[in-house]
Structures are given as C-alpha cells and as structure tokens.
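Beneath this line is the structure, given in structure tokens, with notes to follow.
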Amino acid sequence: MSNPVTLTRSGNCGLITIFNPPVNALSQSVRSGLVEAVSAALDDPRVEWILLQSGGRCFSAGADIKEFGKPPQAPVLPDVINAIERSPKPVVAWLHGVSLGGGLELAMACHYRLAAPDARFGLPEVKLGLIPGAGGTQRLPRLIGLEAALERILSGEPIGARQAHELGLVDGVAEQGHTPEEARVAMASELARQGVRPTRERELVAQSDDPLTWLADQREALALPASGDLAPLKAVEALEAAVTHPIDTGLARERELFLECLASPQRQAKVEAFLARGRDSRSSHAEGGGDNTRGTPA
C-alpha cells in the first residue's frame, strides 16, 4: 500500500496531504505518516510554513473503524496533535467535506484553519457514549468559547462552514466550492505570515460571569439518564477542567474521563450498534448499494 501521507513543496510551503480513502480515517499508518511528514518539513530549511490538507471527499471523518476496540498503536492521536501544535513553523489546515471527531481535533491543533464552503465540523463522540479524547474538550472552548463548546459537544451534531466561521472555529471560508491547490496555498500563506498561534495558548472565554456555577447548573440539568450514559456528564467535567486548570492538566483529565467512558457498558452497547450498522452498510454495498464505509467519530 502506498504511503497515505505525503510531503511535497510549493515554494516555501510544505504541503502535507492525507489520502486514506474513503474518508481519510486516522489509522496508525496515517498518524505515523503525519509525524514523519511534520518532522521532515521542520528539518527542511526551504520550508517556512506548512499546509495540511486531504485528498478525496473530506478532510477526515475520525478514527479508523478497523482499529476500534483494539489496543492503541503508537503514535496515538494526542501525540500527533502535540507535534503539530508545537511546530515552530506556522501550520494552516485546509478543510473540506467533513472534519469529525479526531479529524476536527487534528484541525484544531493547527495554528489556522481555512474551510471550503461545503465543509462541516462536529464532535459526535457523545453519540457513541464517549467524549472527545484528543483535546477536543480543551481546545474547542479556547476557539469558540465555553458555552458554545458545550453545546457542540453535547449535541454531537455538525455545523457548516459559515457558522464555524462566525463562532471562530475557522479563520476563513473560500468563496467557491472547488479551490485549486495554488489558490489554497495563496490563501493560507496570508495567515501563515502572522506566525505560529498555538490553540493551547489562547484564552478560554466564557459569556457567564461565573463559568463554574454555569457548568454546575448544566450538570444538574443533565442528571444521569435511565440509560446510565455517562458521556454528557463527563463532558461537563472535562470542560470544568478546561476552566480551572492549565491545558496540560486539562488534557490529562480529559483522557481520564474518556477512558472512564470507554470502559462503560453503555458505551460498548452503542459501539456494537454502530459497528452493526457499518456491517449492514457494507453488506448493502456488496449487494449493489453505495459506498458507506466510514470512520468513527473519536
């Protein structure tokens, strides 16, 4: 199989391209390829900034369904994200199609984000009984604010490019659906000239004068449903960590809460149902249906 991540150069820009059809799932080979490509771009004195993009129909729909339920293989997604966010060279993400779960967490690690008009963004982990586990609960509120971040995480529903721009999740939206690579590089270079801007260093803003009290009210309103689904409550806890702790401590707390959700029987039942739907989709494809193969949100 060819390398799913490639590094090429366009002038002073290092172009890192993910191509792992059909939905650019973040498999071990993609994660490893990203780390290698970023390292190579940083080592190349001709590369002054990096554009991260994907081929095919979307940026990334998240984790690889084939790895679901198996022990994680290095590099894990948080390590990939840290390598990108800590880059001393500006990193701009070009986002088209969907950026879901880990795909959106990867995009949020970049210093800037540009979106195609058709782009959609979401953290749907709650639908599988999980919370974002690669920094989503810590970086999203630093980009769009506490209240909007909780709404997006609890709903699990994607938003479009225009709304993402209004919220501050992306820095710009292209005017046309098909943007040639040369035009993408030109647009992204304007942002890259502003220098690195790690999301982890951005101030977390809240509309409420007392964000901890507001979060406590949200937790009380949620209560524990009869199903025993812990994910919504754990999401609130993760955002509390984002408010009260430095980001590294918040990221560690998010990971603990993610693993607690991962071990819950309610999560296992939801994932089994998700996988069963995936098997049904592949069966339909074999009988002449469309290609519904997909990544998982987280």
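Descriptive notes on the structure:
- Placing R0 at 25 angstrom, the Cβ-Cβ distance between LEU42 and THR6 gives a FRET efficiency of 0.95 after rounding to 0.05.
- Summarising the amide proton neighbourhood of VAL173: residues at separation of 5 or more, or on other chains, whose placed amide H is nearer than 5 Å comprise ALA115.
- Extension gain, GLU256 to GLU201, is 17.6 nm, computed as 0.36 nm per intervening residue step minus the present C-alpha separation.
- For region 35-44, 3J(HN,Hα) per residue [Karplus equation, 6.51 cos²θ - 1.76 cosθ + 1.60, θ = phi - 60°, Hz, x = Gly/Pro]: 4, 5, 5, 4, 4, 5, 5, 5, 7, 8
- Region 100-117 - phi-based ³J(HN,Hα) in whole Hz, Karplus 6.51/-1.76/1.60, Gly and Pro as x: 10, x, x, x, 6, 4, 4, 5, 5, 6, 5, 6, 9, 9, 10, 10, 6, x
- GNM flexibility winner over the chain from ASP64, ASP210, ASP229 (Cα, springs under 10 Å): ASP210
- Scalar couplings 3J(HN,Hα) for region 202-218, obtained by applying the Karplus form with A = 6.51, B = -1.76, C = 1.60 to θ = phi - 60°, are 7, 6, 7, 10, 10, 6, 6, 6, 10, x, 5, 5, 4, 5, 4, 5, 5 Hz; x denotes Gly and Pro.
- One Cα centroid belongs to region 158-190, the other to region 19-54; the line between them spans 20 Å.
- For the peptides 55-61, 196-202, 35-41, residues were scored by their other Cβ atoms within 10 Å and the scores averaged per peptide; the highest-first order is 55-61, 35-41, 196-202.
- Rounded to the nearest 20, the size of the Cβ-charge dipole of region 5-201 about its Cα centre is 160 debye, with Lys and Arg at +1 and Asp and Glu at -1.
- When each of the peptides 237-249, 19-31 is scored by how many other beta carbons lie within 10 Å of its residues on average, the order from highest to lowest is 19-31, 237-249.
- Highest average first, the peptides 163-173, 107-117 ordered by how many other beta carbon atoms sit within 10 Å of their residues are 107-117, 163-173.
- Remark: the GLN73-SER155 segment gains 26.6 nm on full extension, using 0.36 nm per residue and subtracting the alpha carbon distance.
- Of GLU147, GLU254, GLU190, the one that fluctuates the most in a GNM where the chain has Cα springs shorter than 10 Å: GLU190
Readers should treat all values here as calculations from the given coordinates under stated rules, not as data from a laboratory. Given the structure is predicted, the values throughout are model-derived calculations rather than measurements. Because the Cβ atoms are built from the backbone with ideal geometry, glycine has one as well, and the counts that use them run over all protein chains shown.
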